[in-house]
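Encoded as structure tokens, the structure appears first; notes follow it.
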Amino acid sequence: MAEGLARFEVSDEDYLRAQWYGLLARLLSAPPDQALLTIVRGLTGDDSELGRGIHTLATAARAATPEAVREEYFNLFIGVGRGELLPFASYYLTGFLNEKPLARLRDDMTELGIVRTDDVKEPEDHIASLCEMMSGLITGEFGEPVDLPRQRQFFATHIACWAPRFFDDLQAAESAAFYMPVGAIGSIFLSIESQAFEMAA
Amino acid sequence: MCQHSFGEFEEGVSEMSKKAAAKMGRRDFFRKAGLGAGAAGAAAAGLSATKGHASVPDKTAANNRGYRETEHVKKFYELAKF
């Protein structure tokens, strides 16, 4: 069956939430190529906190080249031996990779019908994967849209308990230039999400 | 009996409007937070290039990706004024 956009009705605000998760997933899963960098350079923001973050990101993108951002990404997340940051839930929650938080995530993924793409080597609790999962849960990418209480539970269990700290670290990271505003945007967006989930509860 | 039913009906209505109010509040909250404004290309960028760490088991989904993305980008621009 073709997976068209009209497959599920998602409200405008939920659609936009999914896009923000998508943007974070895209920027954190790999360094942006020339095409994406060009798009990011053209972004403008309003004077909300999030809008100012986007504005800063566009400015940073205009000052960057794909090569420079690739090197920055490498230093931040991959590194020789290890990168400056380890963007995994398990590491932030236990100090080690591949621990219980990853096992718990895998259980939830099975239950939600999410499988990992074959060519991805990192554990599933990578921040980019988690953002992508949230986006998919909202739009119904993995079957059908998941209701707010279940989104909230996934968010609380796998994201809210560590990702804000990760985004703060990203903002403050020594190697971060282009990724500094990405950290700010992540931070602001997760805080908006937390507050909105509280409202819905 | 009638009274009781009426009471239930009233309760149903207030429950419904409470839900509607919560939904409106949430929508307003996101609007004020700037989820739509400033995201014009941002959302399109987020979608158009997602590499895909997680996916549905159904492999045919990947074949329709291009189509789906184009539709998403169009829908996004409609929402830019959210």
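The values are calculated or read from the model by the stated rules, or taken from the named source; none is laboratory data. Just so we're clear, the structure is a prediction, and the values are computed from it rather than from any experiment. For neighbour counting, all protein chains shown are included, and Cβ atoms are generated from backbone atoms with ideal geometry for every residue, glycine included.
Do any helices (runs of 4 or more DSSP H) entirely within segment A:15-104 hold 2 or more residues that are under 22 Å from A:D169 (Cβ atoms), and if so, which? Don't jump to the end; show me each part of the working.
Numbers: elements: A:34-41, A:49-62, A:66-73, A:89-94.
Helices (runs of 4 or more DSSP H) meeting the threshold: A:49-62, A:66-73, A:89-94.
Taking the listed residues A:E111, A:E122, A:E132, the one that is among the acidic types (D, E), within 18 Å of A:F77 (Cα to Cα) and surrounded by fewer than 22 Cβ atoms within 10 Å (Cβ to Cβ) is A:E122, with no other qualifying. The single condition among (1) within 13 Å of chain B (Cβ to nearest Cβ); (2) among the β-branched types (V, I, T); (3) part of a helix (DSSP H, G or I) that A:V10 does not satisfy is (3). For the residues A:F96, A:F8, the requirement of being in contact with a Ser or Thr (Cβ under 8 Å, 6 or more places away or on another chain) and farther than 24 Å from A:F166 by Cα singles out A:F8.
Residues of segment A:9-31 that are among the hydrophobic types (A, V, I, L, M, F, W, C) and farther than 20 Å from A:S194 by Cβ: A:V10, A:L27, A:A30.
Of all residues in segment A:185-201, those that are more than 8 Å from chain B (Cβ to nearest Cβ) and closer than 12 Å to A:L24 by Cα have Cβ atoms under 7 Å from Cβ atoms of residues that are part of a helix (DSSP H, G or I) and of a type in the set (F, W, Y), 6 or more apart or on another chain, in A:G186/A:F167; A:S187/A:F167; A:F189/A:W20; A:L190/A:F167. Out of curiosity, is A:R165 at negative phi, loosely packed, with under 15 Cβ neighbours inside 10 Å, in contact (Cβ under 8 Å) with a residue 60 or more places away in the chain and assigned to a helix (DSSP H, G or I)? Yes.
Residue count for segment A:112-132, restricted to those that are farther than 18 Å from A:L27 by Cβ, outside any loop (DSSP other than H, G, I, E, B) and either at pLDDT below 90 or facing chain B (nearest Cβ under 7 Å) (or both): 2. One residue alone among A:A68, A:A35, A:A58 is of a type outside the set (K, R), more than 14 Å from chain B (Cβ to nearest Cβ) and farther than 20 Å from A:I127 by Cβ, and that residue is A:A68. The one condition from (1) modelled with pLDDT of 95 or more; (2) buried (at least 22 other Cβ atoms within 10 Å of the Cβ); (3) hydroxyl-bearing (S, T, Y) that A:S191 does not meet is (2).
Which members of segment A:80-93 meet the condition of being at pLDDT 95 or above and loosely packed, with under 15 Cβ neighbours inside 10 Å? Spell out how you get there, then give the answer.
Here is the first cut: in segment A:80-93, the ones at pLDDT 95 or above are A:83-93.
None; the set is empty.
When the residues of segment B:17-31 are filtered to those that are of a type in the set (D, E, K, R) and either touching a residue at least 60 places away in the same chain (Cβ under 8 Å) or under 10 Å from A:E13 (Cβ atoms) (or both), which remaining residue is surrounded by the most Cβ atoms within 10 Å (Cβ to Cβ)? For segment B:17-31, the residue satisfying everything is B:R26.
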